[in-house]
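Taking it in order: structure first as structure tokens, then the write-up.
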Amino acid sequence: MATPLPTPGVGRTPEPPDAGGACASCALAPEATRLARLGLDPGRYSHVVALAGNPNTGKSTVFNALTGLRQHVGNWAGKTVARAEGGFSYGGVGYRIVDLPGTYSLLSASADEDVARDVLLFGRPDVTVVVVDATRLERNLPLVLQVRQITGRVVVALNLVDEARRHGITVDVRHLARELGVPVVATAARRGEGLPDLLAAIEQVATTDDPPPPLRLVHRDPELERAVATLADQVAARFPTLPNTRWVALRLLEGDPGIEAAVRDGSLGDLAAPPPGTVEAAG
Amino acid sequence: MTLDELPRGDRAVVTALDIRGGARRRLMDLGLLPGSAVHAEMTSPLGDPTAYEIRGALVVLRREQARAVHVEPEGR
Ligand SMILES: Nc1nc2c(ncn2[C@@H]2O[C@H](COP(=O)(O)OP(=O)(O)O)[C@@H](O)[C@H]2O)c(=O)[nH]1
Ligand SMILES: [Mg+2]
């Protein structure tokens, strides 16, 4: 348990970590959480974490807390223009983390949402953290379900629980986790609340050999099911390294123009990244 | 009736979306599905667009979008 921490970028000697970072309700203290913020350069990293979520749910706040960077945080739409990247280490293991533009859906076409969906679908992050607004849970859950249809390597950060408390809203976190089949962690990222638990959940999902399977939409209509399966096989034959061919087939059947174009000009194949778990040196 | 006819301040429940393709997807992503509760909140001076409260969020729709949304007004 007393793993020595590599702490580049943190000008202090870490104290031995206590039991899982007991400070769950105070500002995130790196020495108490096995966390080292690595700023822009994660150096060698073992895992890639993507931060997804609706606009204004606190993605950049989480990103900054984990990396020590100052990605713009604010209260208006469209501020995360492209994706931002940084790094941290946790328990001595390096993570690269990507702060994605806010998106309500992976299915509608808009420039911001395309960035997010390309990374999630084809970049195959080891962990996708979906940051949701606890005061607007119903509005946020469709994206969680869409991400769960792509991967089981998901952690839900139920953020803004301080705001929710102020509004008298309590969320049954355990029930939500059971229904989604993935860890759900209550956080108030602006004050660091819950971030030690979030890190522990990220580590668990990143290192498990046995993630839950992606949620599969059940189509009552056997003809539709047959069409999806046939088309998915054809997509797989044309793009052998592409994950999520079933998802692509559904998009094609729905007439998604972006996916159609990417199939036609072959660029869909370029999106496929090396499989997860590959250890790379950052460029 | 369709959503564009819902008087400001009134509530309704979505019954159907009469639109296809990307525009249908867009409405669904905004939370407009059969069964969704909608509340007409504010209308701009010219009556278009209108802001609706849908599933805890304020969503602004143009009239032609709202016209594609069939609703059952809430009895008062
Ligand atoms: N009260 C409260 N505010 C938060 C919390 N997390 C983020 N915020 C604020 O919410 C706003 C949006 O945060 P930001 O990180 O920019 O959201 P993003 O659009 O998802 O990247 C900012 O004003 C943050 O300071 C939280 O847990 N509690
Ligand atoms: Mg942001």
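With 18 Å as the cut-off, how large is the P(r) tail for the stretch A:222-272, expressed as percent of Cα-Cα pairs? The calculated P(r) of the stretch A:222-272 puts 20 percent of pairs beyond 18 Å.
In order along the stretch A:169-176, the Karplus-derived 3J(HN,Hα) couplings, from 6.51 cos²θ - 1.76 cosθ + 1.60 at θ = phi - 60°, round to 9, 10, 10, 7, 4, 5, 5, 4 Hz, and Gly and Pro are given as x. Need one number: nm distance between label points at B:ALA23 and A:GLU163, each 7 Å from Cα along Cα→Cβ, rounded to one decimal. Roughly 3.2 nm, to one decimal.
Computed from label points 7 Å out along Cα-Cβ, the spacing between A:HIS175 and A:LEU145 is 1.7 nm. Residue separation of B:MET1 and B:SER44 scaled by 0.36 nm, minus their Cα-Cα distance, works out to 13.4 nm of gained length.
Per residue of peptide A:147-160, the mean number of Cβ atoms on other chains within 10 Å of the residue Cβ is 0. Over the stretch A:35-207, the fraction of Cα-Cα pairs per 10 Å bin, rounded to whole percents and listed from the shortest bin up, is 11, 44, 38, 8, 0. Partner shielding of B:21-32 amounts to 4, given as the average count of beta-carbon atoms from other chains within 10 Å of each residue beta-carbon.
Each label point was placed 7 Å from the Cα along the Cα-to-Cβ direction; for A:ASP41 and A:ALA237 their separation is 4.9 nm. Determine, from the Cβ-Cβ distance of A:LEU224 and B:ALA16 and an R0 of 22 Å, the FRET efficiency 1/(1 + (r/R0)^6), rounded to the nearest 0.05. After rounding, the FRET efficiency stands at 0.70. Per residue, the stretch A:150-283 exposes 55 Å² of solvent-accessible protein surface, assessed with a 1.4 angstrom probe and all protein chains in place.
Near the amide H of B:ILE54, within less than 5 Å, lie the amide hydrogens of B:VAL59, all on another chain or at least 5 residues away, with H placed in the peptide plane.
The values are calculated or read from the model by the stated rules, or taken from the named source; none is laboratory data. Because the structure is a prediction, the values reported are computed rather than measured. Cβ atoms come from the backbone with ideal geometry, glycine included; neighbour counts cover every protein chain shown. All accessible areas refer to the heavy atoms of the entire protein, side chains included, with ligands and DNA or RNA removed. Shrake-Rupley method; radii C 1.70, N 1.55, O 1.52, S 1.80 Å.
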